[in-house]
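S.K.: Sharing a structure below in structure tokens format, with a few things to ask.
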Amino acid sequence: LFNNGVVSGPLLWLLALLPGLSLVGAFYAIGMFIIEQKDEFLRMLLVRQSLFATAFALSVASVWGFLQEFGLVPNVELYYVAILWFFGLGLGAGFNKLTLGSAGWCW
């Protein structure tokens with residue numbers, strides 16, 4: 001719709017915001033999951049996993065940004081940082097498994 005010029009104005013803004021707002025909802029759900037977790041060990045694992053994901057995503061984004069500033073790498077859209085963060089959740093689970101012996105699952 002956007003590429004063919006079918007939508008414009010406020011509707012275009014709404015359509016552009018929907019994917020971002022869905023990611024905000026996913027981040028909210030993860031935060032509420034951490035808050036509502038009754039078991040303190042599992043909550044700690046989730047917090048460590050989220051901190052690992054945040055450090056990973058911000059580190060990659062920062063290094064890429066400086067490389068981009070010097071013209072060494074191409075421009076990447078900012079919403080890919082969220083994808084890095086979700087990938088970092090998986091890495092964080094692995095980090096928890098290696099350092100604490102548990103990733104928080106039943107196995």
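The values are calculated or read from the model by the stated rules, or taken from the named source; none is laboratory data. Keep in mind the model is a prediction, meaning the values are calculated, not measured. Reconstructed Cβ throughout: ideal geometry from the backbone, glycine too, with neighbour counts over all protein chains shown. To get the accessible areas, we keep the full protein, side chains included, count just its heavy atoms, and leave off ligands, DNA and RNA. Shrake-Rupley method; radii C 1.70, N 1.55, O 1.52, S 1.80 Å.
S.K.: With respect to residue 17, determine if the residue is under 20 Å from the mean Cα position of the chain (by Cα) and within 20 Å of residue 77 (Cα to Cα). Outline the logic, then answer.
M.R.: On the way: under 20 Å from the mean Cα position of the chain (by Cα): yes; within 20 Å of residue 77 (Cα to Cα): yes.
Against the criterion (under 20 Å from the mean Cα position of the chain (by Cα) and within 20 Å of residue 77 (Cα to Cα)), residue 17 qualifies.
S.K.: Sort through 104, 94 and tell me the only one that's part of a loop (DSSP other than H, G, I, E, B) and closer than 12 Å to residue 49 by Cβ.
M.R.: Of 104, 94, the one residue that is part of a loop (DSSP other than H, G, I, E, B) and closer than 12 Å to residue 49 by Cβ is 104.
S.K.: Any idea which residue in region 12-29 is farthest from residue 97 (Cα to Cα), counting only those that are touching a residue at least 40 places away in the same chain (Cβ under 8 Å) and open to solvent by less than 70 Å² (accessible area, probe 1.4 Å)?
M.R.: Taking the candidates together, the pick is 20.
S.K.: Sticking with this one: Among the residues in region 49-67, are any modelled with pLDDT of 95 or more, part of a helix (DSSP H, G or I), open to solvent by less than 40 Å² (accessible area, probe 1.4 Å) and hydroxyl-bearing (Ser, Thr, Tyr)?
M.R.: For region 49-67, residues modelled with pLDDT of 95 or more, part of a helix (DSSP H, G or I), open to solvent by less than 40 Å² (accessible area, probe 1.4 Å) and hydroxyl-bearing (Ser, Thr, Tyr): present.
S.K.: For region 68-107, what are the residues that are β-branched (Val, Ile, Thr) and either open to solvent by less than 60 Å² (accessible area, probe 1.4 Å) or in contact with a helix residue (DSSP H, G or I) (Cβ under 6 Å, 6 or more places away or on another chain) (or both)?
M.R.: Matches in region 68-107: 73, 76, 81.
S.K.: Could I ask something else about it? Only one of these conditions is not met by residue 71: (1) assigned to a helix (DSSP H, G or I); (2) on the phi > 0 side of the Ramachandran plot. Which number is it?
M.R.: The failed condition is (1).
S.K.: For region 31-48, how many residues are without any contact (Cβ under 8 Å) to a residue 40 or more places away in the chain and either surrounded by 15 or more Cβ atoms within 10 Å (Cβ to Cβ) or not in a helix (DSSP H, G or I) (or both)?
M.R.: Residues meeting the conditions: 6.
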